[in-house]
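The next block holds one structure in the form of structure tokens; read it before the comments.
What follows draws every value from the coordinates through simple rules; no lab data is involved. What you are looking at is a predicted structure, and each value in this text was computed from that prediction instead of being measured.
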Amino acid sequence: MKKLLGLIILILVAVVTMAQRPDGVVDFPTDTTTNAETVNYALASPTAITKNYAVTIALVPVNVSGTATVTAMPQGSLDGTSWYDLESSVSTVNNAGTVALTAFEYADANWKYYRVKLVSTGTGVSQFNGKLGLKKK
């Protein structure tokens with residue numbers, strides 16, 4: 001019984017420390033936008049990424065109710081505090097109830113931390129699931 005408990009604890013520690021890990025895909029926690037609000041969609045406990053990785057961020061929006069319009073802007077940070085837009089314009093991921101799966105791809109991991117800024121306007125609830133993928137070059 002002690003060995004089983006020890007194994008379970010070891011597995012839980014390994015799963016928790018894999019957030020934003022190299023050569024893998026991790027899930028963003030599910031989040032929602034409600035009516036007019038801004039949400040910074042990020043990993044719960046990100047680990048800094050080093051260079052030599054390609055980065056992919058995938059968003060899966062679901063229109064829960066209403067006709068909100070939600071835009072997405074991927075952002076990067078070197079310190080986890082100051083964030084910078086990674087695109088020249090926003091991508092609409094929910095257009096008054098019509099959702100679009102969206103992926104952002106970057107050949108080089110120039111930032112240590114990544115998130116997506118979601119801005120909702122109108123009335124309604126949108127739910128988001130996402131993934132962050134890293135591939136060693």
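Here the average projected area of the convex hull drawn through the C-alpha atoms of segment 37-136 stands at 6.0 nm². Full extension of the chain between SER88 and LYS136 yields a length gain of 14.7 nm, computed as 0.36 nm times the residue separation minus the alpha carbon distance.
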